[in-house]
Amino acid sequence: MDISDLLKPYDPTLNEPKILERWQKDGAFKPRGKGKPFAVVFPPANVTGVLHLGHALTIAIQDIIIRFRRMQGYDTLYIPGTDHAAIATQAKVEAELYKKEKKTRRDFSREDFLKMVEDYAANSQSAILSQLRTLGASCDWDHLAYTLDDKRSFTVRTAFSRLYKMGLIYRGTRLVNWDPKLQTNVSDEEIEWREEVTPFYYLRYGPFVIATARPETKFGDKYVVMHPKDERYAKYKHGQKIEVEWINGPITATIIKDDAVDMEFGTGVMTITPAHDAADYAIAERHSLDKDSVIDLQGKLLPIAGEFAGQHISKARQLIVAKLESKGLVEKIDEKYIHRVAVNSRGGGVIEPQIREQWFVGVNRPFTLEHSEIRGLEAGSKITLKQLLRHTVESGQVKIIPEHFAKTYFHWIDNLEDWCISRQIIFGHRIPVWYRDQEVYCEISAPSGDGWTQDPDTLDTWFSSALWTFSTLGWPEETPDFKKYHPNALLETGYDILFFWVARMILMSGALLGQLPFPVVYLHGIVRDPERQKMSKSKGNVIDPLDIIKKYGTDALRFALIYGNSAGTDMAFDEARVRGMKNFANKIWNIARFVLTNAPDEVSQKQSASETEADKAILASLETTIKLVTQNLEDFRFNEAAQGIYDFIWHELADKYLEASKNQLKDPSQAENTRYLLRYCLKACLRLLHPFMPFITESLAPLLGEKNLLVESAWPEK
RNA sequence: GGGCGUUUAGCUCAGUGGUAGAGCACUUCAUUUACACUGAAGGGGUCACAGGUUCAAAUCCUGUAGCGCCCACCA
């Protein structure tokens with residue numbers, strides 16, 4: 001390429017693919033093997049679909065950091081990867097299957113269905129990787145990882161069995177969030193609450209009136225609960241038994257006094273359904289009450305419902321209310337009650353809590369930290385995961401940016417319950433536990449001998465992504481990669497997965513390695529649509545980064561996402577801003593045309609005697625800009641770094657110095673030094689701008705005599 | 001119910017103690033001589049409101065209001 005190729009205006013769509021090829025051919029993103037290690041993982045993208053603008057922001061920030069540090073001489077490693085996203089992916093395939101062929105997963109064998117999900121995941125993965133490249137992510141593709149590939153699966157089994165032996169993973173029976181649609185349970189974090197207007201029934205229950213939004217669950221209600229201090233019911237004693245006429249005839253009810261009851265709400269009296277409601281379950285636990293199931297795993301009523309047994313709860317409600325009315329048990333109905341319904345946010349159905357035996361990570365169980373590089377936690381000390389999670393952030397060893405998210409993090413820890421990690425879906429890591437009669441065997445691989453059966457459940461997808469900072473580096477092998485790049489240099493991700501992912505990485509790294517996964521967490525905000533709505537397929541407001549790139553180029557998109565956005569703050573996506581940044585790219589292109597036309601060859605520096613005021617001013621301004629950009633990048637203020645380089649290039653170099661140079665070039669005593677400075681400033685700008693706009697800078701660099709790829713060049717010092 | 005954030009120019013947002021900023025939009029001039037995806041000049045804000053601290057507050061403190069998010073077992 002030479003100056004005649006600098007057609008006008010700048011066309012990123014022609015230019016960017018060529019640059020991608022050059023980086024690719026050169027292996028430019030591999031760690032150089034010398035310098036201080038600096039590793040960053042790309043948050044493994046779900047193979048449920050393609051990348052969105054949020055990923056583009058992630059890549060823009062991470063790639064700026066990586067390119068900046070690489071130029072500074074660090075041994076950078078940027079690890080790309082994808083996440084199998086267990087439930088979300090399986091739900092998606094099931095939904096498409098039903099839409100296309102009206103079939104469900106139960107119409108196929110486990111193997112055949114799994115094959116379909118895996119094909120879907122593989123397709124999606126190749127699309128994602130191509131997008132990562134298009135967005136300019138300078139990842140080392142040799143380190144590509146997938147949460148469900150063989151190496152990662154081995155890491156997962158190792159982690160599971162070690163945590164099991166440490167007493168941190170246990171099997172327990174308790175109330176879990178059951179999704180009857182997907183036939184699996186999900187963790188508390190995966191639940192989304194939706195408000196719904198529903199009738200609220202006031203029912204006569206012996207001498208009391210109880211209120212409920214869900215009469216279909218009330219068959220087994222044999223405990224009636226009230227607050228111990230409620231004067232209205234003082235004459236009833238805890239444990240007292242009374243006979244009441246109920247849906248299917250008389251039952252014996254027991255009075256329970258518990259201060260969980262809100263005296264102000266409803267009538268101040270309630271009956272409980274411990275097997276299908278978390279609050280009721282907690283009361284039943286406190287008083288050792290029976291927890292009879294009323295609903296089966298498909299959402300149908302059990303024999304306890306008498307004549308209604310076998311009916312689906314969604315259909316049974318009206319019939320039950322009709323019967324209650326015929327028996328005169330309905331006091332009144334409030335038609336406008338607002339009820340909160342729990343829904344599986346991973347494409348599932350309405351949650352129906354069920355008592356089930358599941359696998360948990362116990363966050364309050366003391367364990368011995370065998371090895372520790374975490375300050376304040378001695379090797380051999382006994383702590384709980386909760387304490388570990390709190391300590392790492394509280395002690396400042398994991399610094400969260402912006403700082404206020406640390407408060408959110410602590411708040412979450414304080415309310416944290418054991419993490420339910422087993423799922424009843426088939427796409428994911430099979431739990432490495434085998435049973436034979438009463439024997440339980442937990443190891444990395446199956447036991448020898450006959451008669452063993454493996455636990456049919458799979459793991460929560462976040463279990464494998466929690467290991468990501470080291471599963472990608474070869475752990476449990478003590479690989480050179482692992483020794484060099486763990487802890488990672490920092491973690492960069494969206495604040496929306498602080499609990500799902502960030503906290504659990506701290507947990508796994510601490511418990512298994514006695515290390516922090518990273519010293520810094522930089523959280524970015526959510527990219528919203530121009531009306532500030534969250535983008536989602538169902539709303540139809542998703543903006544595809546590839547469409548934007550086609551119109552304005554990757555450089556412009558990256559710069560627009562960075563410019564004017566601060567850590568942890570949501571942004572409303574504004575196409576006009578991207579257009580503005582495309583203009584900026586064009587500006588640089590034209591600066592280069594001017595410089596190359598007027599100073600086509602390398603010039604050596606003239607002595608300062610011939611320096612003009614403009615010369616001095618531009619050099620001083622360049623020096624300030626280098627300091628400013630460097631400092632802001634080191635302090636994670638990407639927006640200010642971007643603004644600094646933008647202002648210098650456009651308003652100092654172009655608007656002032658280029659204009660001044662037009663006269664200076666006519667003066668023989670100044671011409672040579674001016675040519676030198678034009679080239680010098682532009683070259684410095686290309687380097688400073690490279691992390692932000694890697695494509696246009698890389699393509700201009702050779703025209704100015706840069707011998708090496710800009711990716712591999714040194715960061716400007718002065 | 002608990003927690004967190006936010007309110008700055010028409011729009012989208014930076015700015016955290018020292019004379020109010022950017023991008024887009026707008027007005028006037030310049031008409032192609034690196035760039036019209038341009039240049040020069042300019043208009044536009046009592047920085048939500050009320051108190052307080054300070055020589056000095058958009059910035060720190062207290063309170064109020066609007067908006068938003070997260071967490072939570074009101075049946």
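Multiplying the residue separation of residue A:229 and residue A:298 by 0.36 nm and subtracting their alpha-carbon distance yields 20.9 nm. Solvent-accessible surface of the stretch A:646-700, averaged per residue with a 1.4 angstrom probe and all protein chains in place: 32 square angstrom.
Summary value for the stretch A:82-148: 56 percent relative contact order, contacts being C-alpha pairs under 8 angstrom separated by 6+ residues. Classified by the C-alpha gyration tensor, the stretch A:502-633 has an oblate form. Its axis ratio a/c, with a ≥ b ≥ c, is 1.5 or above, and a/b does not exceed b/c.
With the cut-off at 1.5 for a/c, could you classify the stretch A:445-523 from its C-alpha gyration tensor as rounded, prolate or oblate? Oblate is the answer for the stretch A:445-523, as a/c is 1.5 or above yet b/c matches or exceeds a/b.
A crude spin-label estimate for the pair residue A:384 and residue A:195, with each label 7 Å from Cα along the Cβ direction, gives 3.4 nm.
Given R₀ = 60 Å, FRET efficiency for residue A:639-residue A:435 by Cβ-Cβ distance, to 0.05? Working from the Cβ atoms, E equals 0.60.
Convex hull volume of the Cα atoms of the stretch A:204-256, normalised per residue: 78 Å³. Taken as Cα centroids, the stretch A:553-579 and the stretch A:300-336 sit 54 Å apart, rounded to the nearest whole angstrom. Cα centroids of the stretch A:196-258 and the stretch A:687-718: 75 Å apart. Here's how it looks for residue A:433: its modeled amide H is under 5 Å from those of A:455, which are all 5 or more places away or on a different chain. Note on residue A:478 and residue A:96: the extension gain reaches 133.3 nm, defined as 0.36 nm multiplied by sequence separation minus the Cα-Cα distance. The convex hull drawn around the Cα atoms of chain A, when projected onto a plane and averaged over every direction, covers 37.8 nm².
Across A:243, A:264, the residue with the most accessible area heads the list, and the full order at a 1.4 Å probe is A:264, A:243. The simple Förster model, with R0 at 30 Å and r as the Cβ-Cβ distance, assigns residue A:444 and residue A:104 a FRET efficiency of 0.35. Return the sequence-ordered ³J(HN,Hα) values of the stretch A:291-303 in whole Hz as given by the Karplus equation 6.51 cos²θ - 1.76 cosθ + 1.60 applied to θ = phi - 60°, using x for Gly and Pro. Running phi through 6.51 cos²θ - 1.76 cosθ + 1.60 with θ = phi - 60° gives 10, 6, 6, 10, 10, 8, 5, 8, x, 9, 6, 8, x Hz. Using a probe radius of 1.4 angstrom, the carbon and sulfur fraction of the accessible surface of the stretch A:104-190 is 49%.
Note on chain A: helix-only mean residue ellipticity at 222 nm, from DSSP H runs of 4+ residues weighted -39500 (n - 2.57) and normalised by residue number, equals -11500 deg cm²/dmol.
Anisotropy class assigned to the stretch A:375-453 is prolate, per the alpha carbon gyration tensor with a/c at or over the 1.5 cut-off and a/b larger than b/c.
Between amide H atoms placed 1.01 Å from N, distances below 5 Å from residue A:46 occur with A:83, all of them 5 or more places distant or on a separate chain. The relative contact order of chain A, computed from alpha carbon pairs under 8 Å that lie at least 6 residues apart in sequence, is 17 percent. In this simple spin-label model, placing a label point 7 Å from the Cα along the Cα-to-Cβ direction at both residue A:542 and residue A:572 gives a separation of 2.3 nm. For the stretch A:673-682, putting each phi into the Karplus relation 6.51 cos²θ - 1.76 cosθ + 1.60 with θ = phi - 60° gives couplings of 5, 4, 4, 4, 5, 4, 5, 4, 5, 5 Hz, in residue order, rounded to whole numbers and with x for Gly and Pro.
In this view, the solvent-accessible surface of residue A:286, computed with a 1.4 Å probe and all protein chains in place, comes to about 130 Å². Straightening the chain between residue A:315 and residue A:36 buys 94.0 nm, computed as 0.36 nm per residue apart minus the Cα-Cα spacing.
With a cut-off of 13 Å on the backbone N, the residues of the stretch A:206-224 near the modelled label site 7 Å out from residue A:240 along Cα-Cβ are A:207-208, A:224. With respect to the cross-link table entries A:241/A:291; A:399/A:534; A:8/A:587; A:257/A:291; A:151/A:483; A:382/A:483, which display a Cα-Cα separation exceeding 20 Å? Violating the 20 Å limit, Cα to Cα: A:399/A:534; A:382/A:483. Taking 18 Å as the straight-line reach from the Cα of residue A:300, the aspartates and glutamates in range (excluding those fewer than 8 positions away in the same chain) are A:179, A:216, A:221, A:277, A:292, A:352.
Positive contributions from Lys and Arg (+1) and negative ones from Asp and Glu (-1), summed over other residues with Cβ under 14 Å from the Cβ of residue A:372, come out at -1.
The values are calculated or read from the model by the stated rules, or taken from the named source; none is laboratory data. Just so you know, these numbers come straight off a predicted model, no measurement behind them. Heads up, the Cβs are rebuilt from the backbone with ideal geometry, glycines too, and the neighbour counts pull from every protein chain shown. Surface accessibility is based on the protein's heavy atoms, side chains included, excluding ligands, DNA and RNA. Shrake-Rupley method; radii C 1.70, N 1.55, O 1.52, S 1.80 Å.
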